[in-house]
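Have a look at the structure below, then the notes.
The values are calculated or read from the model by the stated rules, or taken from the named source; none is laboratory data. In this text, all values refer to a predicted model and were calculated from it rather than measured experimentally. Cβ coordinates were reconstructed from backbone atoms using ideal geometry, including for glycine residues, and neighbour counts include every protein chain displayed.
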Number of protein chains: 8
Amino acid sequence: MTDRHRVGIVMGSDSDLPVMREAAKTLEQFGVGFEVAVLSAHRTPDDAVEYARTAAGRGIGVIIAGAGGAAHLPGVLAAYTTVPVIGVPLDAGKGLGGVDALYSIVQMPPGVPVAAVGINGARNAALLAVAILSLCDQHLREALRDFRHAQAASVRAKAERLTAEGLPAYVPGGGAGNAPGGNRRSR
Amino acid sequence: MTDRHRVGIVMGSDSDLPVMREAAKTLEQFGVGFEVAVLSAHRTPDDAVEYARTAAGRGIGVIIAGAGGAAHLPGVLAAYTTVPVIGVPLDAGKGLGGVDALYSIVQMPPGVPVAAVGINGARNAALLAVAILSLCDQHLREALRDFRHAQAASVRAKAERLTAEGLPAYVPGGGAGNAPGGNRRSR
Amino acid sequence: MTDRHRVGIVMGSDSDLPVMREAAKTLEQFGVGFEVAVLSAHRTPDDAVEYARTAAGRGIGVIIAGAGGAAHLPGVLAAYTTVPVIGVPLDAGKGLGGVDALYSIVQMPPGVPVAAVGINGARNAALLAVAILSLCDQHLREALRDFRHAQAASVRAKAERLTAEGLPAYVPGGGAGNAPGGNRRSR
Amino acid sequence: MTDRHRVGIVMGSDSDLPVMREAAKTLEQFGVGFEVAVLSAHRTPDDAVEYARTAAGRGIGVIIAGAGGAAHLPGVLAAYTTVPVIGVPLDAGKGLGGVDALYSIVQMPPGVPVAAVGINGARNAALLAVAILSLCDQHLREALRDFRHAQAASVRAKAERLTAEGLPAYVPGGGAGNAPGGNRRSR
Amino acid sequence: MTDRHRVGIVMGSDSDLPVMREAAKTLEQFGVGFEVAVLSAHRTPDDAVEYARTAAGRGIGVIIAGAGGAAHLPGVLAAYTTVPVIGVPLDAGKGLGGVDALYSIVQMPPGVPVAAVGINGARNAALLAVAILSLCDQHLREALRDFRHAQAASVRAKAERLTAEGLPAYVPGGGAGNAPGGNRRSR
Amino acid sequence: MTDRHRVGIVMGSDSDLPVMREAAKTLEQFGVGFEVAVLSAHRTPDDAVEYARTAAGRGIGVIIAGAGGAAHLPGVLAAYTTVPVIGVPLDAGKGLGGVDALYSIVQMPPGVPVAAVGINGARNAALLAVAILSLCDQHLREALRDFRHAQAASVRAKAERLTAEGLPAYVPGGGAGNAPGGNRRSR
Amino acid sequence: MTDRHRVGIVMGSDSDLPVMREAAKTLEQFGVGFEVAVLSAHRTPDDAVEYARTAAGRGIGVIIAGAGGAAHLPGVLAAYTTVPVIGVPLDAGKGLGGVDALYSIVQMPPGVPVAAVGINGARNAALLAVAILSLCDQHLREALRDFRHAQAASVRAKAERLTAEGLPAYVPGGGAGNAPGGNRRSR
Amino acid sequence: MTDRHRVGIVMGSDSDLPVMREAAKTLEQFGVGFEVAVLSAHRTPDDAVEYARTAAGRGIGVIIAGAGGAAHLPGVLAAYTTVPVIGVPLDAGKGLGGVDALYSIVQMPPGVPVAAVGINGARNAALLAVAILSLCDQHLREALRDFRHAQAASVRAKAERLTAEGLPAYVPGGGAGNAPGGNRRSR
């Protein structure tokens, strides 16, 4: 069913790509199809509306929308579709550390929800999309469980290396090859 | 398929019920089955873990978890299940206006996402759950679209009454009977 | 020229009327025509877009848009018109004191500005609209100067009453009849 | 009419020039005349007052004032003129990310409004000034519409290049020559 | 020397009197002369400037200025006088709890300082004024020391009553008559 | 050993008693001896210093210090003793919701720690004191475990009543008698 | 008794080691035994639970848990043990400066406390652990007093060097060899 | 009289010197005597108390105290002297941008005031000290007025250079030699 329900990754500017790219990489890990689009809620609003209106028809099951500052994009898309929209607040380096984008995304009025993840949380947005899609996709659900196990194993491998090498010798991130599915930028 | 995928509404204390009750009401509007539980991530952690572990097996498709203060409940549940978890930050009247709960819920580390909605946003959490479940439920998807249309009609009815009655005479919320599916506490 | 350039006062919900009503009252003081509309960026997005697109053609010279929470309405309108949009962040009683609405309104991306006034600052939004419209309306410019003088006189009258009555006897807001054009809720 | 209504760009210190310069560049794009002044609300208050008092008489139609920290300059100017004042909160690198300047600018008391744009939003301040001036300048209004179209086209060109080149190959900001009127520092 | 150096208590609106009145009461306790004025930095800016310019000549040794929101009054006065200005940020009930006024008052640019006290801290502003004036007034310095001792005695009396009566019986603020010079609204 | 190690509950003002009283009640539940004192870091600093210096000698094993605003009391005490100091930030109703007290208490410089609990968290401060004292008191450790079990049972009783009565009938806090050791003000 | 009561230092990711390492160094200074573990509340929740459940039995007297973002680890551990848990909020470079972690750690619900120290305060967490353990360890209590004296002496040595060398010549941190027990990164 | 009333510049750590040095430089400009001390409210509290107690007797007329984090030093000193204390909140690079220090310094309880200046505002603290001391020192008052004029002249010189050179050629801070008394790090 994953080939029917793909994910739309959208962002307001191509300057958001370095962060939003993580969502694409994560979906690739799971073999979930996706499309990437640059759409501005303010500079190309008609394109954003058109994108949202036609998303379900194009087989998009979840939309991931990243935006910084007065981050309207996720909410604007959500107004035009019943497809779940995941908002990624971006720290646009404007001094507020992304809290402006977080508030703009998460504080939606009753009636039209957006699902917010953490600031710059593009990877988690993709994992949430996978969790949502796996509700009607048995294979994807199993892949998600495998990912969780691999992730736990990766944390455990570090923990064991720390025990084996001892605190003074241990270099974070070093040594133990990263298992597939593990999160390299752990925190 | 809605009878297979029900929603779990959980909260850390029964004092959260006045807000979280909205989620139950909204799911009832859509005929989506749900269960309600009081589970504390800190006072009954084993019960919370058990709840999360067994949720998928009990047919729970989405978990809605409300919590205030150091709102760990949504994240703790998410750690034990791949079912999507929607976190509702509650303003627990502790002086910070719910921003503590918002940060505790939304800033999850990469690997285990939680979908945050706005502060006290129990109604939107339910609507997001409906949107997620409707991915594999054609009837629910149509019900959601109908809801959106009814909601728009309700806003429009107010707009028209305002035009008809004029600003001085108009009383917010008064007059025009609330259409089914409309959100009475509109904002 | 004021009858050509009217002001559009819009808000996302009729529950915003108690605050936004101040904008209407202030425009009435200046004899500036206005229209009031309830339009939701999320619940009736098509109506909001249509409103913005047709505003200039209807003779609207300035739009005043009030919104709380994830206050997208001013920005969404600004995306569809070149008419100046003044955003009024509303404290929607959601625990954040209106700072969510302020950030959502003021932190617009480069290319599509919104003019933000203070939280619940509907009166100032109207005065800003008058200042903007008076650029091409000599009569309005003079009325604005008169208002400023009356306002100064009103503050001075209080100051003098305070001197005359002395601190212990003085009751804020009492006594000296409010001059026309004075702001009764002075702060 | 643009040669009659020029824009005054003022700032409290020449260290604000790197940000405020953007306002000048943007006005040049539109052929709107402007003057630049360094005026401190605290160190040269008489000059600031004199500037505001004489602005309208010098043909200034809009004042853009940038300030950081306890950013009084926009409000002080607004107290002495009925010309619309646009305040640009500057992130003065003082640890608060510009939120101090934002509050100082936007939270004006009723009676004397300032139009706030986003932190470091000098470009948007200029675009807002153009929108205001275009109310009584048909040519400027058309230029603003053209700018919006060019801006949309620029976003679309990036979107298309992203589709053509694919995510792995795409370099933000690279490739497609910047169209005149496009915003190079897109976000 | 106290009759030469009096204190000027100013505020932007008579609605600030309930808080600022505390400053007057405290100065009365010390027999320090003072004058009270309502002056708006934005609505009667000329009066504010005139007040500051002539303060030293009138024998004003310290100015206490209370303001809320975009609290420019203390800084504007400081720009026109070398008399020390103490700023009292007022919580104007605008949703931000006075943090807007605090930032507007305390974050002055280098060259023109304002001395900020806590939010609604009118009493402390007066005590700071007394401390400043007592630098060149031996009698006032002694009165200040006496005040400190009486204040300590008042706290100690409560502590002793608590010990004597025990926790269950003790009623805050009750019983022990308030010593002269004690702070009744202890916190 | 509990009779040797008692707890000192101190606060800067008797107006803090309504919150700090909870700490006393909780210690009573565990049969841990305590003393209550009103001590101001600023108004009776010598008494505060003396209290801290002599605490260990009087058999005080843990100090719980509640303070609001610029909450220096816990840190000042910690500077004069090696007895662990638990700081309770109080929301003194000064507009900042207690975040000022939280920062003042928790952000201690390296070398002299204070253990902060949540805003108004007097009950948790007492429970933390019990946990600390139980390190060298086997009976207290068991009492703490019993408390945890009773607390879990109390949450579970509510959960079961909710299941039995159903959502519409359930009244938070009603019905099931509060088990000893249960927290009545559950959140 | 120190060899019986050791300290557990845990963190959610090995990327937290550069900060948390300070806790280990400090405990080494005092000869307090400790163990270091990488445990994620979300990625290896079972390991975290197991760690907390077995801590007391392994002779762990205090747990120090560092975490950033939605910092659940300290609270999750506290839910499974009555051993005192000290939480260290980490600034994970996510834009919020660690305030998210601070709120997530400190705002625990009544019934299950966590002792929070300052952001990145790993050294203070260790000193707090030493203070707690020294309640039932006379030798450790004396070592802590010695440390405090050495620390004071180190500050005094700097103060004296500053007086001797004068302000222009003085280089912070330079010169006077760091005494054992002194805090090199003084602030 | 300046040789009688000197200024005490104190800070909690020598790592604060790079910022606090500005206060010394500014006092030197005015020929005001000062002493510099490193005193920690927490690590050498007795020294801090002793310093405050003896300050007046040593001829100290104003104390300037810089501190970061839980910045208790200014308040602790103020508790032991009636000499006016000016607090300088330092951004200690701990993630909160100095707002922790600001709240800890400014939110003093009624009865013991501290005069707060802006974050890292050491120069303004010195200028405020000069203003305070000049109340009873005619020469100093004149020097302060001269400084203000020189400062205004310096800003004006930049303004004129900007007009003469034009925006594209102007380099901030360049060119016009800094007048004595001018603020080189303007803003």
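Assorted remarks:
- Restricted to strands (runs of 3 or more DSSP E) entirely inside the stretch F:1-105, those with at least 2 residues that are more than 18 Å from G:VAL114 (Cα to Cα) are F:6-11, F:34-38, F:60-68.
- Among the residues of the stretch B:19-40, those that are free of Cβ contacts under 8 Å to residues at least 60 places away in the same chain and either in contact with a strand residue (DSSP E or B) (Cβ under 7 Å, 6 or more places away or on another chain) or closer than 11 Å to B:GLY66 by Cα (or both) comprise B:GLY33, B:PHE34, B:GLU35, B:VAL36, B:ALA37, B:VAL38, B:LEU39, B:SER40.
- Some residue of the stretch G:120-132 being in contact with a Lys or Arg (Cβ under 6 Å, 6 or more places away or on another chain), more than 17 Å from F:ILE132 (Cβ to Cβ) and assigned by TED's automatic domain parsing to the domain that holds G:ALA78: no
- For the stretch D:1-51, a residue qualifies if it is within 13 Å of chain E (Cβ to nearest Cβ) and of a type in the set (Val, Ile, Thr), and the qualifying residues are D:VAL38, D:THR44, D:VAL49.
- Subset of the stretch G:139-158 [over 17 Å from F:PRO110 (Cα atoms), within 10 Å of chain H (Cβ to nearest Cβ) and buried (at least 21 other Cβ atoms within 10 Å of the Cβ)]: none
- Qualifying residue in the stretch H:39-52 (condition: over 23 Å from F:LEU73 (Cβ atoms) and assigned by TED's automatic domain parsing to the domain that holds H:ILE132): no
- Selection status of C:VAL62, of a type outside the set (Gly, Ala, Ser) and within 18 Å of B:LYS158 (Cα to Cα): no
- Any hit, the stretch E:122-136, residues being part of a strand (DSSP E or B) and within 16 Å of H:LEU127 (Cβ to Cβ): no
- The stretch D:76-91, subset facing chain A (nearest Cβ under 10 Å) and either of a type outside the set (A, V, I, L, M, F, W, C) or without any contact (Cβ under 8 Å) to a residue 40 or more places away in the chain (or both), residue nearest to H:ALA92 (Cα to Cα): D:ASP91
- The stretch A:109-136 - residue that is more than 18 Å from B:VAL85 (Cβ to Cβ) and of a type outside the set (Gly, Ala, Ser) and, of those, surrounded by the most Cβ atoms within 10 Å (Cβ to Cβ): A:PRO109
- Here F:LEU73 fits the description: surrounded by 22 or more Cβ atoms within 10 Å (Cβ to Cβ), of a type in the set (A, V, I, L, M, F, W, C), more than 7 Å from every other protein chain (Cβ to nearest Cβ) and closer than 26 Å to F:PRO109 by Cβ.
- Residues considered: F:LEU162, F:LEU167, F:LEU135. Of these, the only one that is touching a Cys at 6+ places or on another chain (Cβ under 9 Å) and without any contact (Cβ under 8 Å) to a residue 24 or more places away in the chain is F:LEU135.
- The number of residues in the stretch H:100-133 that are touching a helix residue (DSSP H, G or I) at 6+ places or on another chain (Cβ under 7 Å), within 7 Å of chain E (Cβ to nearest Cβ) and not aliphatic (A, V, I, L, M) comes to 6.
- Taken as a whole, the condition of being modelled with pLDDT of 95 or more, over 15 Å from B:GLY61 (Cα atoms) and not in a loop (DSSP other than H, G, I, E, B) does not apply to B:VAL112.
- Some residue of the stretch G:82-89 being of a type outside the set (A, V, I, L, M), out of contact with any Phe, Trp or Tyr (no Cβ under 7 Å at 6 or more places or on another chain), within 22 Å of F:GLY111 (Cα to Cα) and surrounded by fewer than 24 Cβ atoms within 10 Å (Cβ to Cβ): no
- Taking each residue of the stretch C:138-155 that is touching a residue at least 24 places away in the same chain (Cβ under 8 Å) and more than 17 Å from D:ILE60 (Cα to Cα) and looking for partners that are charged (D, E, K, R) and assigned to a helix (DSSP H, G or I) with beta-carbon atoms closer than 9 Å, six or more apart or interchain, yields C:VAL155/E:ASP14; C:VAL155/E:ASP47.
- Selection from the stretch G:23-38 of residues that are of a type in the set (Val, Ile, Thr) and closer than 15 Å to G:LEU77 by Cβ: G:VAL36, G:VAL38
- Checking H:ASP137 against (1) at pLDDT 95 or above; (2) more than 18 Å from E:ALA79 (Cβ to Cβ); (3) acidic (Asp, Glu), the condition it does not meet: (1)
Condition check ((1) of a type in the set (Gly, Ala, Ser); (2) under 30 Å from F:SER154 (Cα atoms)) across all residues:
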site	(1), (2)
G:GLY87	yes, yes
G:ALA92	yes, no
G:GLY98	yes, no
G:LEU102	no, yes
G:PRO109	no, yes
G:ASN120	no, no
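- Scanning the stretch D:40-90 for residues that are under 20 Å from the mean Cα position of the chain (by Cα) and among the polar types (S, T, N, Q) gives D:SER40, D:THR81, D:THR82.
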